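The values are calculated or read from the model by the stated rules, or taken from the named source; none is laboratory data. For clarity, every value in this text was computed on a predicted model and none was experimentally measured. For neighbour counting, all protein chains shown are included, and Cβ atoms are generated from backbone atoms with ideal geometry for every residue, glycine included. In case anyone asks, the SASA skips ligands and DNA or RNA and just uses the protein heavy atoms, side chains included. Shrake-Rupley method; radii C 1.70, N 1.55, O 1.52, S 1.80 Å.
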Amino acid sequence: MVRIDGSKGEGGGQVLRTSLALSLVTGTPFQMVNIRAGRQKPGLLRQHLTAVKAATEVGAAEVTGAELGSRELTFKPRTLAPGNYFFSVGTAGSATLVLQTVLPALMVASGPSTLRLEGGTHNPLAPPFDFLQKSYLPLVGRMGPKVEAVLERHGFFPAGGGKFQVKVEPAPLKPLTLLERGRVVRRQATALIAMIPFDVAKRELATVEQALKWKPNELRTEELKRTQGPGNVLTLEVESEHVTEVVTAFGERGVRAEEVAGNAAAEVKRYLDAEVPVGEHLCDQLLLLLALAKGGTFRTLPLDGHAVTQLDTFAHFLDVKVDVREVSPEVREVEVRG
Ligand SMILES: Nc1ncnc2c1ncn2[C@@H]1O[C@H](COP(=O)(O)OP(=O)(O)OP(=O)(O)O)[C@@H](O)[C@H]1O
């Protein structure tokens with residue numbers, strides 16, 4: 001059994017989710033110790049436990065240590081079972097991270113699946129639903145599997161209550177080459193508010209307009225009425241010929257709307273200036289797809305801790321080589337070979 005130290009690298013939940021995903025795909029059992037040892041509240045939180053349970057169902061796995069707060073886990077998948085699933089985090093914990101855990105396996109399974117997920121859909125430090133739908137899943141589609149996601153209700157921290165559905169038509173993953181972004185064809189800033197003063201959205205958009213020089217018809221507000229709790233999400237989309245980048249910032253108590261929007265605008269600027277197709281968040285998630293496809297190459301920004309932790313985790317389950325070359329101080333070219 002593969003033994004993985006969860007405190008290595010980022011020391012967070014990513015090494016656990018990636019290990020579960022790769023264990024499901026390869027059928028390799030693993031034991032993890034020191035789960036999330038690098039975090040303030042170490043061990044399995046509700047969101048991680050839901051991910052473990054989801055992986056257990058999808059892989060008909062034998063599991064020990066699947067309890068709240070647990071810092072050790074063994075996971076032995078038996079058969080990969082596509083089908084209809086319902087996973088609920090039960091708190092505002094990210095439901096998209098639960099999806100991230102089981103989707104790679106279901107994309108290459110022997111039949112289609114339908115998933116219903118409940119929990120947070122727009123959480124800081126997790127892939128927001130719009131990122132999945134507009135940035136990540138179209139690339140999955142280019143690699144073979146067809147995955148469609150439909151949002152039914154937004155869920156924000158701390159109230160949660162979000163819902164979405166995902167349909168998966170599996171296919172073998174083909175390598176992907178993504179070296180250029182191409183021309184920018186659409187830009188859209190959406191300031192979304194739920195139970196938050198409208199002025200917050202207006203101030204965020206004014207900041208984006210000033211910082212990025214986006215035009216009034218590229219700025220929109222959206223006010224939600226049916227959510228379980230308050231939320232404020234600023235989503236900046238840059239659709240280019242070959243890829244769509246989605247940058248997200250979240251309103252927080254005590255942080256000015258101008259600061260929230262300024263951070264998001266700075267991230268977009270950095271992405272546009274580097275002229276790379278793959279932004280910082282897409283990078284670690286795309287790496288996993290390319291590793292499963294055993295091939296592909298893309299250009300991105302300098303790799304962050306998440307991406308490096310991903311590479312270390314792959315080595316436990318897959319026989320792939322990943323080269324990261326410095327093209328310029330702001331640009332890296334990543335090549336994956338089987
Ligand atoms: N704004 C964002 N857009 C898209 N993806 C994001 C965004 N923020 C985070 N992610 C992705 O969500 C995942 C979160 O991983 P991360 O390692 O931060 O969680 P973690 O630190 O392990 O959290 P925890 O230990 O609390 O579970 C990564 O795949 C990261 O790329």
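Extension gain, Gln31 to Leu68: 0.36 nm times the residue separation minus the Cα-Cα distance gives 11.6 nm. When only Cα pairs below 8 angstrom with a gap of at least 6 residues are kept, the stretch 122-261 shows a relative contact order of 27 percent. Placing unit charges on each Cβ (+1 for Lys and Arg, -1 for Asp and Glu) gives the chain a dipole about its Cα centre, and among Val15, Gly305, Pro29 the Cα reaching farthest toward its positive end belongs to Pro29.
Once fully extended, how much extra length lies between Glu169 and Glu258, figured as 0.36 nm per residue of separation less the alpha-carbon to alpha-carbon distance?
On the way: separation 89, 0.36 × 89 = 32.04 nm, distance 4.16 nm.
Gain in length upon complete extension: 27.9 nm.
Once R0 is set to 51 Å, what does the formula 1/(1 + (r/R0)^6) return for the Cβ-Cβ distance between Ala206 and Thr79, expressed as a FRET efficiency to the nearest 0.05? Please report the intermediate quantities before stating the final value.
Values: r = 54 Å, r/R0 = 1.07.
It comes out at approximately 0.40.
Taking label positions 7 Å along the Cα-Cβ direction at both Lys225 and Gln40, the computed distance is 3.7 nm, reported to one decimal. The string of couplings for the stretch 55-66 from the Karplus curve (6.51, -1.76, 1.60, θ = phi - 60°) is 5, 5, 5, 5, x, 6, 8, 9, 9, 10, x, 7 Hz, one whole number per residue in order, with x for Gly and Pro. Rolling a 1.4 angstrom probe over the protein heavy atoms with all chains in place gives the stretch 36-127 an accessible area of 41 Å² per residue. Taking every alpha-carbon pair under 8 Å whose residues sit at least 6 apart, the chain reaches a relative contact order of 14 percent.
Residues whose amide H comes within less than 5 Å of that of Arg36, counting only those at least five positions distant or on another chain, are Gly43 (H built at 1.01 Å from N in the peptide plane). Evaluated with a Cβ-only charge set (Lys, Arg +1; Asp, Glu -1), the chain carries a dipole of roughly 600 debye about its Cα centre, given to the nearest 20.
The share of accessible area on the stretch 45-168 that comes from carbon and sulfur is 52 percent, using a 1.4 angstrom probe.
Please identify the trypsin sites (Lys or Arg not before Pro) of the stretch 136-212 that satisfy two criteria: DSSP loop assignment and at most 13 other Cβ atoms within 10 Å. Which are they?
Numbers: sites: Arg142, Lys146, Arg153, Lys163, Lys167, Arg181, Arg183, Arg186, Arg187, Lys202, Arg203; in loops: Arg181, Arg183.
Here the trypsin sites (Lys or Arg not before Pro) that fit, given the DSSP loop and packing criteria, are Arg183.
Cross-link partners of Lys41 among lysines, defined as those whose alpha carbon lies under 17 angstrom from its own and excluding same-chain residues fewer than eight positions apart: Lys8. Here the 3J(HN,Hα) profile of the stretch 281-290, calculated from phi with Karplus coefficients 6.51, -1.76 and 1.60 at θ = phi - 60°, is 7, 5, 4, 5, 7, 6, 4, 5, 5, 5 Hz, Gly and Pro shown as x. Quick check on the stretch 208-338: of the DSSP beta bridges with both residues there, what percent are antiparallel, nearest 5%? Antiparallel: roughly 95 percent of the beta bridges in the stretch 208-338. For a straight C-alpha distance cut-off of 25 angstrom, the lysines reachable from Lys134 (same-chain residues fewer than eight places away being disregarded) are Lys146, Lys163, Lys167, Lys174, Lys202, Lys213, Lys215, Lys225, Lys269, Lys294. Potential lengthening of the chain between Met195 and Ala315 amounts to 38.6 nm, from the contour at 0.36 nm per residue minus the alpha-carbon distance. In terms of the Cα gyration tensor, with a ≥ b ≥ c the square roots of its eigenvalues, is the stretch 14-145 rounded because a/c is under 1.5, prolate because a/b exceeds b/c, or oblate? Note, shape of the stretch 14-145 comes out oblate.
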